[in-house]
Amino acid sequence: WQPNGENLSLVCTSDTPPRRHHYCKSWKFQTYDYVQSMRSRFLNFSLGKASLFEALEGLHAFPANPFHAWFCDDSDSYSSLGTSPSLRTLCFLMAETAREEGLPDWVQLVALFHELGEYVKIMDPDNTGEMAESLYDWTISSRSRVVGCRVPNQATFSEFRHLNTDGEDSKYNTETGVYQSHCGLENVSLMWSGCEYLYYLLKHNEVCLPNEGLAIIRYFLLGDWHEQHAYNAIANEEDEDLLPFVSEFDALRRRVRLNCMDCTDISDEQCRVLWESHYANIAAKYDCDHVFDW
């Protein structure tokens, strides 16, 4: 049964219950005020210190495919890895695919690091980690949207939009909402996510990645923009220049995720060899090799 405001309809879908459950909570929680509160809470980067490689190693604790049905058990929990490859394995497979296809070294590094926002659950176990297990895990990568303006009709799981109170507020339900016309996506608030946190983490710690790399990290989940060309009223010319990089990266990620569905998990030793033989030098090149404030 698919809810849509006051109506119910019966539809056939290939989506798993965990994925629908996650998006339902996302629509409910991710209001403009919620995002501002999370930005205030996390963007002072006072959780602790860790290198990006430490964070990458920590991703072995999380599944690469958290929404698939075989992660569920009788307690409605789907945090157990089971036989699934880890998120760390997905990151290395993406980086290695980018490397094999001859993509620039900074794209390889972005591919390796793009999921590091989930590490906040380890840095903040009593709050973020506990909430992720019991209520709502905002760190998991799922389709994003701009908050503070009207949500596009084609937004993912749009049937849950009635759960979001911003749609009833005249400040937020116009095409531009709280933003100036063509202000640029850099100046808007996206849903609070692991990737949104990572984007600001990298900027705060003064990495030297190209703007295209930072844009990929922040916008690859914003499919309404780079796939459906929504948000034209607030996007600007700079966003249009960045869109091909973001779109191509998202396509790469989709391909690798399909190949990673039942692949063999990469071992600690394999990860360390790959890091020391190749990626550590790229990280140093772009000032991503020091200890970061989280």
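Tell me what the chain gives for mean residue ellipticity at 222 nm when only DSSP H runs of n ≥ 4 count, each as -39,500 (n - 2.57), the sum divided by the residue total, rounded to 500 deg cm²/dmol.
Taken over the chain, the calculation gives -12000 deg cm²/dmol.
Using θ = phi - 60° and the Karplus form 6.51 cos²θ - 1.76 cosθ + 1.60, what ³J(HN,Hα) does each residue of the range 92-101 get, whole Hz, x for Gly and Pro?
Couplings: 5, 5, 5, 4, 5, 5, 4, 5, 5, 8 Hz.
Which far-off residues, 5 or more places away or on another chain, put their amide H under 5 Å from the one on residue 189, with H placed in the peptide plane?
Result for residue 189 returns 147.
Once you have the alpha carbon radius of gyration of the range 136-294, what is it after dividing by 2.2 N^0.38 Å, with N set to its residue count?
So the range 136-294 has a normalised radius of gyration of 1.18.
Using the Cβ atoms and a cut-off under 10 Å, what net charge is assigned to the surroundings of residue 281, where Lys and Arg are +1 and Asp and Glu are -1?
-2
Using the per-residue mean of other Cβ atoms lying within 10 Å as a proxy for protection, in what order, highest first, do the peptides 151-162, 88-99 fall?
Order by mean packing, descending: 88-99, 151-162.
Using θ = phi - 60° and the Karplus relation 6.51 cos²θ - 1.76 cosθ + 1.60, list the HN-Hα couplings for the range 272-288 in order, rounded to whole Hz, with x at every Gly or Pro.
Karplus values, whole Hz, x for Gly and Pro: 5, 5, 4, 5, 6, 7, 9, 6, 4, 5, 5, 4, 5, 4, 9, 6, 10.
With a point put 7 Å past each Cα toward its Cβ, work out how far residue 68 is from residue 143 in nm, to one decimal.
Roughly 2.1 nm, to one decimal.
Tell me which lysines have Cα within less than 27 Å of residue 285's Cα, excluding those fewer than 8 residues away on the same chain?
49, 203
Go through 216-227, 242-253 and give me the packing order, highest mean Cβ count within 10 Å leading.
216-227, 242-253
Place a point 7 Å from the Cα of residue 290 along the Cα-to-Cβ direction; which residues of the range 30-59 have their backbone N under 19 Å from it?
Under 19 Å, as judged by backbone N against the label point of residue 290, lie 44-56 of the range 30-59.
Which lysines does residue 28 reach when only Cα atoms under 22 Å apart count, and residues fewer than 8 places away in its own chain are ignored?
Partners found: 121, 171.
Which one is right for this structure if mean projected area of the Cα convex hull in nm² is calculated from it: (1) 16.6; (2) 18.7; (3) 15.2?
(3)
Multiply the residue separation of residue 51 and residue 183 by 0.36 nm, subtract the distance between their alpha-carbon atoms, and state the gained length in nm to one decimal.
44.1 nm
Quick note: the coordinates plus some simple rules give every number you see, no bench work behind them. Note that the structure is predicted; figures quoted are calculated from it, not measured. Note that each Cβ is placed from the backbone with ideal geometry, even for glycine, and that neighbours are counted across all protein chains shown.
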